[in-house]
Amino acid sequence: MAMPLSHHWTAADVRALTREDRPWPRYELIDGELIVTPAPRGAHQMAASEILVLLHPYLERFDVGFALLSPARIGEKWRRMPK
């Protein structure tokens, strides 16, 4: 059973917690709930990198999107980089 929210977090609230010089802990905002996660370990980073390497050629070939490794900024609008 989920606990009731004591505070409805906003993107501005989360931005106020983050610092440019420190990407961790990672803050995520899901339906007004603040989720804090630790930095990923080496095995996770290796797996994410391998997935990106496999995905990138497909995405480029069919021009259906792009893949990024995190962390990513909250609320940013992503656009394809010019070639």
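Quick note: the coordinates plus some simple rules give every number you see, no bench work behind them. This is a predicted model, so every value here is computed, not measured. Don't worry about glycine lacking a Cβ; one is built from the backbone with ideal geometry, like all the others, and counts go over all protein chains shown.
Here the simple spin-label model places points 7 Å from the Cα toward Cβ, and for THR18 and GLU33 these points are separated by 2.1 nm.
In a simple Cβ point-charge model (Lys, Arg +1; Asp, Glu -1; nothing else charged), the stretch 11-62 has a dipole of about 180 debye relative to its Cα centre. Sorting the segments 50-56, 37-43 by their mean number of nearby beta carbons within 10 angstrom, highest to lowest, gives 50-56, 37-43. Each eigenvalue of the Cα gyration tensor of the stretch 1-52, multiplied by 5 and square-rooted, gives one semi-axis; in descending order these are 26, 15, 9 Å.
A cut-off of 5 Å between modelled amide H atoms, ignoring neighbours fewer than 5 places along the same chain, links LEU34 with TRP9.
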